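Encoded as structure tokens, the structure appears first; notes follow it.
The values are calculated or read from the model by the stated rules, or taken from the named source; none is laboratory data. Keep in mind that what you see is a predicted model, and the values were worked out from it rather than measured. Ideal geometry is used to build each Cβ from the backbone, glycine not excepted, and the neighbour counts take in all protein chains shown. What goes into the accessible areas is simple: the full protein's heavy atoms, side chains included, and nothing from ligands, DNA or RNA. Shrake-Rupley method; radii C 1.70, N 1.55, O 1.52, S 1.80 Å.
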Amino acid sequence: MESTTTTVPSVVVYVTVPNREAGKKLSESIISEKLAACVNIVPGIESVYWWEGKVQTDAEELLIIKTRESLVNALTEHVKANHEYDVPEVISLPINGGNLKYLEWLKNSTREN
């Protein structure tokens, strides 16, 4: 049935990493497993958050991951298994529209489940 549709429900997933090396390694494993079509690595973010009873501030990098909605659970498990944080950030936001050709490419560049 999927072959009759040109796109699938898709999402953008945010994952923070401590540095460029960790981001590149995780991004490459995500793409190799076809869990996403594309990962952007955004350097130079500063995160302020509550952890272990106090406010923490850390320099991080942000992964912006484009994938199928149906792969969010598998992607989350992959990140948890391959991330150095105890509780890695993995949050998903729906893609409500965009360039149809890009969304078709996203579908064709990822696995079904």
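Accessible surface calculations at 1.4 Å, restricted to protein heavy atoms, place the chain at 62 Å² per residue. When +1 charges are put on Lys and Arg Cβ atoms and -1 charges on Asp and Glu Cβ atoms, the dipole computed for the chain relative to its Cα centre reaches about 420 debye.
Using the Cβ of TYR49 as centre and a radius below 12 Å, the other residues enclosed give a net charge of -4, where K and R count +1 and D and E count -1.
The local environment of TYR102, defined by Cβ-Cβ distances under 14 Å, has a net charge of +3 under the rule Lys, Arg +1 and Asp, Glu -1. Farthest toward the dipole's positive end in the chain, which of THR57, ASN113, ASN99, given Cβ charges of +1 (Lys, Arg) and -1 (Asp, Glu) about the Cα centre? Checked the options; the winner is ASN99.
Note: relative contact order over segment 2-95, using C-alpha pairs below 8 Å and six or more positions apart, is 42 percent. Taking Cβ atoms as reference points and 11 Å as the exclusive limit, the residues near LEU62 contribute a net charge of -4, counting Lys and Arg as +1 and Asp and Glu as -1. Taking only Cα atoms, what is the 0 to 90° angle, nearest 10, from helix 20-32's long axis to the longest principal axis of the chain? That works out to roughly 20 degrees. Among the chymotrypsin sites (Phe, Trp or Tyr not before Pro) within segment 35-113, those in coil by DSSP and having at most 16 neighbouring Cβ atoms inside 10 Å are TYR85.
Adding -39500 (n - 2.57) for every DSSP H run of four residues or longer, then dividing by how many residues the chain holds, sets the calculated 222 nm ellipticity at -9000 deg cm²/dmol.
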